[in-house]
Amino acid sequence: MVSNEWQTSVIGLGLVFGSGIGIIGSLLFDFELVYGIVAGAAFGYLIGLAVALTGKT
C-alpha cells in the first residue's frame, strides 16, 4: 500500500518551485517581488494539487 506522503510532498514542491519561478519572473519582468512570489506560489500549488489528485494511490 502506498502512503499519502508523496501527495503532500508534491504540493510542497509545487509551492517551492512556483515561488522560485515567481521571484525570477518578477526580476525579469520588473514588477513587485511580493506579487511574483504570491502568483508563483498559487500557480505551483494548483499544479501540485492537480498532480496529487490525479496520481495513483
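Against the set (i) 0.90; (ii) 1.14; (iii) 1.27, the structure's computed Rg/Rh (Cα atoms, Kirkwood Rh) falls on (ii). Here is the list for region 10-57: chymotrypsin sites (Phe, Trp or Tyr not before Pro) lying in DSSP coil, each with at most 14 other C-beta atoms within 10 angstrom of its C-beta, are 31. For the chain, a Gaussian network of Cα nodes joined below 10 Å ranks 46, 13, 27 by mean-square fluctuation, and the top entry is 27. Take the Cβ atoms of residue 23 and residue 51, set R0 to 25 Å, and the FRET efficiency comes out at 0.70.
Relative to the longest principal axis of the Cα atoms of the chain, helix 33-54 runs at roughly 20 degrees. Placing R0 at 22 angstrom, the Cβ-Cβ distance between residue 8 and residue 30 gives a FRET efficiency of 0.05 after rounding to 0.05.
Read the figures in this text as sums done on the coordinates, not as results from a lab. None of the values given here were measured: they were computed from a predicted structure. All Cβ positions, glycine included, derive from the backbone under ideal geometry; neighbour counts span all protein chains shown.
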